[in-house]
Amino acid sequence: MLVFGATGLLGQAIVKEGRRRGVDLAGAARKGADFAVDLADTQHIAELFGHLAPTLVINAAANTNLESCERDPGGAYLVNARAVAVMAEQCRTTGARFIHVSTDHFFTGDGPGLHTEDSPVALVNEYARSKYAGEAFARALPDSLVIRTNITGFRGWSSQPTFAEWAVDAILNRRPLGLFDDFYTSTIDADACSRWLFRLIDAEAIGLINLASRTVSSKFQFIHALAAALGVELDWADVASVRSLPTVRAESVGLDVSKAERLLGHLLPTLEDVCAALASEHRTRR
């Protein structure tokens, strides 16, 4: 197995789960992984396939910085779309299975609504446009699996804390908080996402599948639930709006996970499950 984006939040979780399962895998990332790879260099990607000859490839790599994507749309396209096309073509040539991790940033204007895999999309920024193009390239491979998700968790990059790392620090240290009550997601913790992803791989699932929490929550609701899981009464947070951010983004990105639940034969985590898992991991990491 070859995992692109192996040092990122979900990539770390996938590598950990794969090794727990005894899978023979290699990780690739810009730095800090088994193999260094620059996803903007398509020849480099092809050479890595030739060197490793993987039978299963998971792409968890992406430029997820919305501001960076706005500043450099071409660079965003190279990483989030063109690199995916090269991976898919390499998998087509070699017969390897291809799993691509996409995003939920495709929906706007309907609050906490649930979106199925067939819901119409709205591409409101360069990140969404580049990721949607990546989806299209991945789905052009008939037996590929494309996952839409929204993850958080603990990555361990002190200079770039994840949403969960930022939130836990703010809650435990009573830092000022302005919480969006108009930005809705189905956020799942990365460890749970990776476990269920492997279950979908075991089931030989293909096509486009939403893999996320079964609960849609605002950021306001999510952080209040996380505070409760940490044993903190969050009585100082203010309400804020996603419209205050400089880059326009999709704000109604709840995902309907009923298709995944049918395939898995199991309910996916609720908001409370996700926050309990995050609180438990925080205590383990202290």
Would you mind pulling out the separation of the Cα centroids of the stretch 32-62 and the stretch 108-132, in Å? 28 Å
222 nm mean residue ellipticity, helices alone, for the chain (DSSP H n ≥ 4; -39,500 (n - 2.57); rounded to 500): -12000 deg cm²/dmol
Relative packing of peptides 177-185, 46-54 - highest average C-beta neighbours within 10 Å first: 177-185, 46-54
Packing-based order for 262-274, 73-85, 31-43, 233-245, using average beta carbon neighbours within 10 Å, highest first: 73-85, 262-274, 31-43, 233-245
Classify the stretch 238-286: rounded, prolate or oblate, from the alpha-carbon gyration tensor (a ≥ b ≥ c, eigenvalue square roots; a/c under 1.5 rounded; otherwise prolate if a/b is larger than b/c)? oblate
Checking the a/c ratio against 1.5 first, then a/b against b/c, what shape does the Cα gyration tensor give for the stretch 23-136? prolate
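Most exposed first by the Cβ proxy, i.e. fewest other Cβ within 10 Å, how do S218, S213 rank?
On the way: S218 21, S213 28.
Fewest-to-most ranking of S218, S213: S218, S213.
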Work out, step by step, the length gained on full extension between D72 and H51: first 0.36 nm times the residue separation, then minus their alpha carbon distance; give nm to one decimal. 4.5 nm
Label point 7 Å out from R21 along Cα-to-Cβ: which residues of the stretch 149-177 have amide N under 18 Å? 149
Along principal axes, Cα extents of the stretch 130-286, largest first, whole Å: 50, 35, 29
Charge dipole magnitude, Cβ of K and R +1, D and E -1 - the chain, Cα centre, debye nearest 20: 540 debye
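FYI, it's all coordinate maths here, none of it is from the lab. Source: prediction; values computed, not measured. Here Cβ is always computed from backbone atoms with ideal geometry, including for glycine, and neighbour counts include all displayed protein chains.
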